[in-house]
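The values are calculated or read from the model by the stated rules, or taken from the named source; none is laboratory data. Note that the structure is predicted; figures quoted are calculated from it, not measured. As a convention, Cβ positions derive from the backbone with ideal geometry for all residues, glycine included, and neighbour counts pool all protein chains shown. All accessible areas refer to the heavy atoms of the entire protein, side chains included, with ligands and DNA or RNA removed. Shrake-Rupley method; radii C 1.70, N 1.55, O 1.52, S 1.80 Å.
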Amino acid sequence: MNARTVRIGGAAGYWGDTANGPEQLVLQGDVQYLVFDYLAEVTMAILAKARGKSPDAGYATDFITQVIKPLAGEIARRRIRVIANAGGVNLQACAKAIRAALAEAGVSLKVGTVEGDELLDRTEELRARGVREMYDGKPLPAKLASCNAYLGAFPIAAALDAGADIVVTGRVVDSAVTLGALVHEFGWTPEDWDRLAAGTLAGHLIECGCQATGGNFTDWEQVAPGWDRMGFPIAECSADGSFVITKPADTGGLVSPFTVGEQLVYEIDDPQAYIVPDVVCDFSGARLVQQAPDRVHVSGVRGRPRTPDYKVCATHDDGFRATFIQTITSFDAPRRARANGEAILSVARRRLAQQNLPDFRDTAIHLIGTNTLWNPAYRPPVDANELVLRVDVWHERYSGCEVFSKEAAGAALSMTTGRCAAGPTGRPKTTPVVRPFSFLLPKTEVPVKVAVDGQAVSFDWQRLATAPTMQPAPALETVEVRAAQGDTIRVPLIRLAVARSGDKGDRANIGVLARRPDYLPYLRAALTAEGVRDWFAHTGTSRVDRFDLPGLNALNFVLHDALGGGGAVSLRLDVQGKTYAQQLLHFPVTLPRALMGDAA
C-alpha cells in the first residue's frame, strides 16, 4: 500500500438496512468517508408513488432518521464526509430535510447535490424517438412511474472539490458513491481507466454492506457466532488503485478471500465488461490476498474506455398481485396442500367469469418445505408432514385480485383440515406490480448539475459525455479442462467451491470460486454452460453463458430469462435468484481421489 490511504465505510446496502452500520463505522471505523447505497429499481417506483402523495416525500428517509439526526455531531467532530444516493426521486426535498436535521442538531455542514438523472418529464420526447426496452425490444409503456439515468462518480467528486461535507444524489450506479470519493482524494482523471476500474471494484465490494464481511457466506458456520454484531466493510484505498477490504475491530464476521470473492462475483455478467458510466471494468484478473486477519488486499483490476451511453431504468405499473399463505400439517400434506391451492384458484376463476373479468395473467402454487425451489429431476428427497402452502396470482385489474383474496379467505371452513396461519391473519392484500423498463440514452443528452448549499458548481459534464473508441477485452489465459482419470471420487460442488448468486432483471448470475486452484480444471470440466442450464431447466432459462475469472480461480454463470420476469413481476418463490448458488452447490463433480486427501 502507498503511504497515503483513504478509508471508506460502506454503511448501507439497501433502503431498510440496519442502523448498526452507520453507527458502527462512525464510532469504531476510523473512516474518512461514509457511503450509502439505498436505491433499487423497485425502490425508485415506491419513492415515485410516495412523491405523488406528498411533494415532500420521495427520498430515502432512513438517511435522515438513522444517519443525520443521531450522528451529525460525531460526523462533524470526526470530519467524516458522507455520500449517499438517498435523494431518490426528490433530491431537493431530501437536501432540505438534511439541512433541517443539521440545524436541529446545531451542526454546520455543507450539503452538495448532484442532479440530472431524473428523466420522467421527458417521457413523451423519449416515446417520440421510439425508445425500446434494451432486453426484449418492447416500446415505452403508456405511463411511467419513474425514469432515471444511472449517473457516475465525477459529479460527486466535483461536489467534494467544492467543499461539500455531505453529498446527496438521485440515481447513480451503486459503486459511484465510493469512486467519487477516490476521484476527489487522488485527482484521478476521466481517462485513468485502470484506477477508475479499481475504484469501481472497491465500491462494488462495499456497496452491499456485510455481504463482503461474511454476510450470506457459503461457509456460514464460520461467521454465525458473530451474526448479531456483524462488522460493516471498509475499503482502505491507495492512489495506485490497489486497496484492502477490512472491517472495524471487535465486530462479528470475517474478511477473507472467499467472503470478499463471493461479493466480487455477486450480480455481475461478463467480468471483463462490467460497465459503469465512467469506465468498462475488467475484473477477470483481480487477485485477493490475505494480508492479515480480516484484511484482504485487492489488485489486478484493469479498465477500458467508457461507453457513450447511460443506462436508464424506468418503472411502470403492470397489473396487480396477491398472495395467500397457510400452514398445512398431518398425513399427505403435500398432496392435500396442492389440492387446496388448485381448488382456491378454481373457485376464484369461476367468480371472475361470473363478473365478466378476464382470467389471471399468471398463477403459482408453492409447497414450501418440499424443496419446491429445486429442479424436480435433481430435487433432494423429502418426507414432509408439515409445509406452507403459498398461492400467488397476477391480474390486470385490482378487482380481479380482490376476487381471489375473498375466495382464498373464504375457503377456511370448506377445504382442508390440519391448517393454521403461516403469517398475518386476514384476507390476502392486493398490491401493484411494478415492472422495470431499461434502455440506453446518449450521455450527450443528459446534462448533469452540481451544487453546494444551493450554489451551482462548475462541472464539465460534456467531457464525460464523449466516449473514446471502444476497445476489445484482451484474450484470457485459462486453465485447461481436465477430465478425472484413474481412482476418482464424485462429490458435491460445495466441497470444492464457494458460491454466491444474484439477479439483474430477469437474469440470474452464479459465481463459483474454487477452494483450491488445483480443483479448477475439474470444475471447468463438470460445470459446462449446458450442464448448468440443465440443472436449472425448471427456471425456464433460455441460455446460460459461462465466464472465467482466472485471477480468482473462479467461474461466473449468467442464466438468461431465469426469474419469471424478476423482481415484483415474478410469481416465483425466489424472484432474485438468491438461492441459486445453494442449489448449484449440490452439483456433482468428479475428480481424482488423491486431490481430496484425507477429506475423501
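Take the conditions surrounded by fewer than 18 Cβ atoms within 10 Å (Cβ to Cβ) and either under 27 Å from the mean Cα position of the chain (by Cα) or aromatic (Phe, Trp, Tyr) (or both) and apply them to ALA473. Does it pass? Working first, answer last.
Working: surrounded by fewer than 18 Cβ atoms within 10 Å (Cβ to Cβ): yes; either under 27 Å from the mean Cα position of the chain (by Cα) or aromatic (Phe, Trp, Tyr) (or both): yes.
Considered against the rule, which asks whether it is surrounded by fewer than 18 Cβ atoms within 10 Å (Cβ to Cβ) and either under 27 Å from the mean Cα position of the chain (by Cα) or aromatic (Phe, Trp, Tyr) (or both), ALA473 comes out as yes.
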| Residue check, GLN24 assigned to a helix (DSSP H, G or I), open to solvent by 30 Å² or more (accessible area, probe 1.4 Å) and in contact (Cβ under 8 Å) with a residue 12 or more places away in the chain | no
| request: Quickly run through the range 530-544 and pick out the residues that are open to solvent by 10 Å² or more (accessible area, probe 1.4 Å) and farther than 16 Å from ALA499 by Cα. | output: GLU530, GLY531, ARG533, ASP534, ALA537, HIS538, GLY540, THR541, SER542, ARG543, VAL544
| said: Anything in the range 485-524 that is touching a residue at least 60 places away in the same chain (Cβ under 8 Å), out of contact with any Leu (no Cβ under 7 Å at 6 or more places or on another chain) and of a type in the set (A, V, I, L, M, F, W, C)? List them, or say none. | reply: VAL491
| field | Residue in the range 311-335 that is farthest from GLY170 (Cα to Cα), counting only those that are of a type in the set (S, T, N, Q) and either touching a Ser or Thr at 6+ places or on another chain (Cβ under 6 Å) or modelled with pLDDT of 95 or more (or both) | value | THR329
| Which one is farthest from ALA456 (Cα to Cα) among residues in the range 94-116 that are part of a loop (DSSP other than H, G, I, E, B), open to solvent by less than 80 Å² (accessible area, probe 1.4 Å) and not hydrophobic (A, V, I, L, M, F, W, C)? | GLY106
| note | Per the filter on the range 417-452, residues in a loop (DSSP other than H, G, I, E, B) and open to solvent by less than 20 Å² (accessible area, probe 1.4 Å) are PRO428, VAL446, VAL448
| said: So if I check each of ARG321, ARG390, ARG336, which one is within 20 Å of VAL575 (Cα to Cα) and out of contact with any helix residue (DSSP H, G or I) (no Cβ under 7 Å at 6 or more places or on another chain)? | reply: ARG390
| task | For the range 34-42, indicate whether the set of residues that are closer than 15 Å to VAL167 by Cβ, modelled with pLDDT of 95 or more and of a type in the set (A, V, I, L, M) is non-empty. | result | yes
| request: Check whether at least one residue in the range 246-254 is touching a strand residue (DSSP E or B) at 6+ places or on another chain (Cβ under 9 Å), surrounded by 19 or more Cβ atoms within 10 Å (Cβ to Cβ) and aliphatic (A, V, I, L, M), and report yes or no. | output: no
| request: Go through GLN32, GLN66 for me and flag whichever is in contact (Cβ under 8 Å) with a residue 24 or more places away in the chain, within 22 Å of the chain's Cα centre (by Cα) and either farther than 21 Å from SER438 by Cα or surrounded by fewer than 21 Cβ atoms within 10 Å (Cβ to Cβ) (or both). | output: GLN66
| Looking only at residues in the range 495-550 that are touching an Asp or Glu at 6+ places or on another chain (Cβ under 7 Å) and part of a helix (DSSP H, G or I), which one is nearest to ALA473 (Cα to Cα)? | PRO550
| So which residues in the range 279-303 are open to solvent by 10 Å² or more (accessible area, probe 1.4 Å) and either of a type in the set (A, V, I, L, M) or assigned to a loop (DSSP other than H, G, I, E, B) (or both)? | GLY285, LEU288, VAL289, ALA292, PRO293, ASP294, GLY300, VAL301
| task | Tell me, please, whether a residue that is of a type in the set (S, T, N, Q), over 20 Å from VAL481 (Cα atoms), touching a residue at least 24 places away in the same chain (Cβ under 8 Å) and open to solvent by 30 Å² or more (accessible area, probe 1.4 Å) can be found in the range 564-580. | result | yes
| Taking the range 35-50 only, how many residues are of a type outside the set (A, V, I, L, M), surrounded by 20 or more Cβ atoms within 10 Å (Cβ to Cβ) and over 29 Å from THR246 (Cβ atoms)? | 1
| Of (1) open to solvent by less than 10 Å² (accessible area, probe 1.4 Å); (2) in a loop (DSSP other than H, G, I, E, B); (3) in contact with a strand residue (DSSP E or B) (Cβ under 9 Å, 6 or more places away or on another chain), VAL6 satisfies all except one. Which? | (2)
| note | Subset of the range 387-403, residues surrounded by 15 or more Cβ atoms within 10 Å (Cβ to Cβ) and farther than 23 Å from LEU373 by Cβ, comes to HIS395, GLU396, GLY400, CYS401, GLU402, VAL403
| field | Every residue from the range 304-318 that is touching a helix residue (DSSP H, G or I) at 6+ places or on another chain (Cβ under 9 Å) and either open to solvent by 40 Å² or more (accessible area, probe 1.4 Å) or polar (S, T, N, Q) (or both) | value | THR307, PRO308, ASP309, THR315, ASP317
| field | Count of residues meeting criterion [in contact with a Ser or Thr (Cβ under 8 Å, 6 or more places away or on another chain), over 17 Å from ASP392 (Cα atoms) and surrounded by 15 or more Cβ atoms within 10 Å (Cβ to Cβ)] in the range 336-382 | value | 2
